[in-house]
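See below for the structure under consideration.
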Amino acid sequence: MRRTIEAEDAPRPVGPYAQAVLAGDFVFAAGQIGLDPSTGKLVPGGTREQLVRVLDNLAAVLRASGHGLDDVVKTTVYLVDLGEMPLVNEVYARYFPAPHPARATVQVAALPAGARVEIEAVAVRGGS
């Protein structure tokens, strides 16, 4: 069984992809950037403000699938500057307390809409 997920309180996809796909007990969430769902624009501020919005958007998509952040088993974080890892770790830890999901972090040349950070996730029901 496979179905696409659409969360009303998360930004609409900006291309031909789903916000998430539910496959059995798993949900595969597309990368989220710091777009304000009400305006479709990046939130004002820098990486910290964008990261908070990214994680709030990700939580909204997971809620729409019947999952939550505590069900996340793997994330991939894309950053335009790995020098911001201490800030990312600080904010990320507030959303993902122990037991932490597995995580990969990569530096990229650019992200959509000029974003500084993007996060995608895989969650499984009862993942915590």
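The values are calculated or read from the model by the stated rules, or taken from the named source; none is laboratory data. Everything quoted here is computed from the prediction, not taken from an experiment. As a convention, Cβ positions derive from the backbone with ideal geometry for all residues, glycine included, and neighbour counts pool all protein chains shown. For the accessible areas, the whole protein counts, side chains as well, though only heavy atoms, and no ligand, DNA or RNA atoms are used. Shrake-Rupley method; radii C 1.70, N 1.55, O 1.52, S 1.80 Å.
Just to be sure, is Tyr78 open to solvent by less than 40 Å² (accessible area, probe 1.4 Å), of a type in the set (Phe, Trp, Tyr) and over 28 Å from Met1 (Cα atoms)?
No; evaluated as a whole, the condition is false for this residue.
Among the residues of the stretch 112-128, which ones are assigned to a loop (DSSP other than H, G, I, E, B) and either exposed (fewer than 13 other Cβ atoms within 10 Å of the Cβ) or not hydrophobic (A, V, I, L, M, F, W, C) (or both)? It would help to see each step written out before you state the result.
Residues of the stretch 112-128 assigned to a loop (DSSP other than H, G, I, E, B): 115-116, 125-128.
Selection gives Arg116, Arg125, Gly126, Gly127, Ser128.
Is it true that Tyr17 is open to solvent by 20 Å² or more (accessible area, probe 1.4 Å) and under 23 Å from Arg2 (Cβ atoms)?
The answer is yes for Tyr17.
How many residues, within the stretch 85-116, are of a type outside the set (Ser, Thr, Tyr) and in contact (Cβ under 8 Å) with a residue 40 or more places away in the chain?
9
Among the candidates Val52, Val43, which residue alone is β-branched (Val, Ile, Thr), crowded, with 18+ Cβ neighbours inside 10 Å and either free of Cβ contacts under 8 Å to residues at least 40 places away in the same chain or in contact with an Asp or Glu (Cβ under 7 Å, 6 or more places away or on another chain) (or both)?
Val43
Being surrounded by fewer than 13 Cβ atoms within 10 Å (Cβ to Cβ), of a type in the set (Gly, Ala, Ser) and within 30 Å of Arg2 (Cβ to Cβ): is that true of Ala109 here? Can you show your working first?
On the way: surrounded by fewer than 13 Cβ atoms within 10 Å (Cβ to Cβ): yes; of a type in the set (Gly, Ala, Ser): yes; within 30 Å of Arg2 (Cβ to Cβ): no.
No, not satisfied.
Can you tell me which residue in the stretch 65-75 is nearest to the chain's Cα centre (by Cα), limited to those that are in a helix (DSSP H, G or I) and either modelled with pLDDT under 95 or crowded, with 18+ Cβ neighbours inside 10 Å (or both)?
So the first thing to find is which residues in the stretch 65-75 are in a helix (DSSP H, G or I), and the list is 69-71.
If we keep only those that are either modelled with pLDDT under 95 or crowded, with 18+ Cβ neighbours inside 10 Å (or both) as well, we get 69, 71.
Details: Leu69: 10, Asp71: 13 Å.
Taking the candidates together, the pick is Leu69.
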